[in-house]
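Visitor: Starting off with a structure, shown below.
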Amino acid sequence: MRVRPLITSATCAAAIASLAACGTSPAPAIGGEAPVILRLALNQTEKHPSYVALTGFDTRLQQATGGRYRLDVFPNEVLGAQQEVLGLTSDGIIDLAVISGTQLENINPDFRVFNLPRVFDSVEHQMKVINDPAVVGDLYRSLEGDQHLTVLGGFTQGERNLYTKKPVNTPADLAGQKIRVQESPVMLRMITTMGGSPTPMSYGEVYTAMQSGVLDGAENNEVSYFTQKHYEVAPHFTYTKHLVGLDYLVANSEALQKMSPEDRAIFDREWTKTYEEFVTLWDKATKDAIEGATAKGAQFHRIDTAPFDERLEPLARSFLANPTQQQLYDRTRQAATR
Ligand code: GCU
């Protein structure tokens, strides 16, 4: 299936129009040539560690290429929600986007393996697997043909947990509760299995939907809970620890091919530094988010996760639909025990 840009909102259309305008008079690079501006779409706020890490990537890229390359990071979903910007990246309207693995699952189901509950034991385990070319090389190149998308690697989303208006201790407490999920088959089945009623929705719509009562809760990490201010409308954060999520940096393949071998090597080197540093930023942001949300009245609940674990463990295996997925899953689990 070819992803198409779905420019449905006025904001998104206006942002796309302004992309053309802001690209017309870039500051000259050292040596007098106009810099190449790589436009990157992000759905997080400027306080989120992805934004902080990517702006650091921009600074280093400019320095290392003598100003030949710049990264322009558009935060806050201004270029559209992830489904939309994936299409825009595929069509080369923008160059790069940070996309949750759940969206990639919709264009190549093999990506679902890394979205499964319980596939990663920790962030450390996840980083080891997703940066091992022997495991992920084919997967990351799998979208280059039809989609013109190259997956460059990822930022962890850390552990994802539930948050709701009322406390949740067991699957029974979730009965009838409408829980927002990312738009993917794995996420829909996961919340059903955990006992709730899943409602797929894009990230930027979640706050208002919880505020208006369309949703009873959502699931995410502490950093999103805090930076999106979801604690204001769902004050009970419960450590169900259902999965360790993953965001990918996805590029338009032609934008990468246009780089000289020297610039591409610099780009890859600085991107590697970016995702390595991200893990440290992430740990600090998680601590700050817990402190910040607690100060605003949120309650963090530790529960016995066994009743959720029992339901989730068989779910992961039931999603493995072909030998590629089985192999990715097996290699991932083997890496956990090494
Ligand atoms: C996290 C993740 C995003 C994702 C979001 C969501 O914040 O980093 O990429 O879009 O969760 O739940 O939609």
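Visitor: Quick one: Karplus J couplings for segment 227-232, per residue in order, coefficients 6.51, -1.76, 1.60, θ = phi - 60°, nearest Hz, x for Gly and Pro?
Guide: For segment 227-232, the Karplus-derived couplings read 5, 8, 6, 5, 4, 5 Hz, x marking Gly and Pro.
Visitor: Apply the Karplus curve 6.51 cos²θ - 1.76 cosθ + 1.60, θ = phi - 60°, to the phi angles in segment 46-52 and return the couplings in whole Hz, x for Gly and Pro.
Guide: For segment 46-52, the Karplus curve yields 5, 8, 6, x, 5, 5, 4 Hz.
Visitor: For segment 187-197, just list the computed ³J(HN,Hα) in residue order, Karplus coefficients 6.51, -1.76 and 1.60, θ = phi - 60°, integers in Hz, with x standing in for Gly and Pro.
Guide: 5, 4, 5, 4, 5, 4, 4, 6, x, x, 10
Visitor: Could you state the angle between the C-alpha long axis of helix 306-318 and the longest principal axis of the C-alpha atoms of the chain, as a value from 0 to 90 degrees rounded to the nearest 10?
Guide: 50
Visitor: Now a separate question. How many Lys pairs in the chain lie less than 21 angstrom apart by Cα atoms, where the lysines are 8 or more positions apart or on different chains?
Guide: Number of lysine pairs found: 27.
Visitor: Label 7 Å along Cα→Cβ of residue 277; segment 215-237 residues with amide nitrogen under 16 Å?
Guide: none
Visitor: Return the long-range amide H neighbours of residue 181 (sequence gap of 5 or more, or a different chain), with a cut-off of under 5 Å between placed amide H atoms.
Guide: Here the answer is 199, 201, since their amide H atoms fall under 5 Å of that of residue 181.
Visitor: A follow-up question, please. Hey, if you drop one equal point scatterer on each alpha-carbon of segment 205-254 and run the Debye formula without solvent, what base-10 log of I(q)/I(0) do you get at q = 0.31 Å⁻¹?
Guide: Cα-only, vacuum Debye calculation for segment 205-254: -1.25.
Visitor: For residue 157, list long-range residues whose amide hydrogen, built 1.01 Å from N in the peptide plane, is under 5 Å from its own amide hydrogen.
Guide: 245, 246, 247
Visitor: Of 201, 41, 147, which is farthest towards the positive pole of the chain's charge dipole, taken about the Cα centre with +1 and -1 on the beta-carbons of Lys, Arg and Asp, Glu respectively?
Guide: Sorting the options by dipole projection puts first 201.
Visitor: Once the Cβ-Cβ distance between residue 197 and residue 146 is put in as r, and R0 is 45 Å, what FRET efficiency do you end up with, to the nearest 0.05?
Guide: That gives a FRET efficiency of 0.85.
Visitor: Show me the three semi-axes of the equivalent ellipsoid for segment 179-285, from the C-alpha gyration tensor (sqrt of 5 times each eigenvalue), largest first, rounded to whole Å.
Guide: The three semi-axes for segment 179-285 are 34, 17, 13 Å.
Visitor: What net charge do the residues around residue 111 carry, taking every other residue with its C-beta under 15 Å from that of residue 111, with Lys and Arg at +1 and Asp and Glu at -1?
Guide: Surrounding charge for residue 111 is -4.
Visitor: Quantify, in whole percent, the carbon and sulfur part of the accessible surface of segment 155-289 (1.4 Å probe; protein heavy atoms only).
Guide: Carbon and sulfur atoms account for 55 percent of the accessible area of segment 155-289.
Visitor: Treating only the Cβ of Lys, Arg, Asp and Glu as charged (+1, +1, -1, -1), what charge dipole size does the chain show about its Cα centre? Round to the nearest 20 debye.
Guide: Dipole size: approximately 400 debye.
Visitor: In the chain, if the dipole is taken from +1 on Lys/Arg beta carbons and -1 on Asp/Glu beta carbons about the Cα centre, which of 85, 123, 190 is farthest to the positive end?
Guide: Ranked along the dipole, the leading option is 190.
Visitor: Another one. Using only Cα atoms, what is the ratio of the radius of gyration of segment 134-220 to 2.2 N^0.38 Å?
Guide: Relative to the rule-of-thumb radius for its length, segment 134-220 sits at 1.35.
Visitor: Helix 10-22: angle to the longest alpha-carbon principal axis of the chain, degrees 0 to 90, nearest 10?
Guide: 30
Visitor: Moving on. Distance in nm between label sites at residue 208 and residue 334, each 7 Å beyond Cα in the beta-carbon direction?
Guide: Distance between label points: 4.9 nm.
Visitor: Run lengths n ≥ 4 of DSSP H only: what is the helix-derived mean residue ellipticity at 222 nm for the chain, with -39500 (n - 2.57) per run over all residues, to the nearest 500?
Guide: Computed mean residue ellipticity for the chain: -14000 deg cm²/dmol.
Visitor: Taking amide H positions as placed 1.01 Å from N in the peptide plane, with prolines and chain starts having none, which residues 5 or more places from residue 215, or on another chain, fall under 5 Å of its amide H?
Guide: For residue 215, the qualifying residues are 210.
Visitor: Report the local net charge at residue 306: Lys and Arg +1, Asp and Glu -1, summed over other residues whose C-beta lies under 12 Å from its C-beta.
Guide: -2
Visitor: Another question, then. Report the Stokes-Einstein translational diffusion coefficient (µm² s⁻¹, integer) for the chain, Rh taken as the Kirkwood radius over Cα pairs, at 10 °C with viscosity 1.306 mPa s.
Guide: Roughly 77 µm²/s, to the nearest whole number.
Visitor: Could you work out how much longer the chain between residue 288 and residue 313 gets when fully extended? Use 0.36 nm per residue separation minus the Cα distance between them, nm to one decimal.
Guide: Here the segment from residue 288 to residue 313 would lengthen by 5.9 nm.
Visitor: Still on this model: With every protein chain left in place, what is the accessible area per residue of segment 104-189 in square angstrom, probe 1.4 Å?
Guide: Accessible surface, normalised per residue, equals 35 Å².
The values are calculated or read from the model by the stated rules, or taken from the named source; none is laboratory data. As the structure is a prediction and not an experimental result, all values here were calculated from the model. For neighbour counting, all protein chains shown are included, and Cβ atoms are generated from backbone atoms with ideal geometry for every residue, glycine included. Heavy atoms of the whole protein, side chains included, go into the accessibility calculation; ligands, DNA and RNA do not. Shrake-Rupley method; radii C 1.70, N 1.55, O 1.52, S 1.80 Å.
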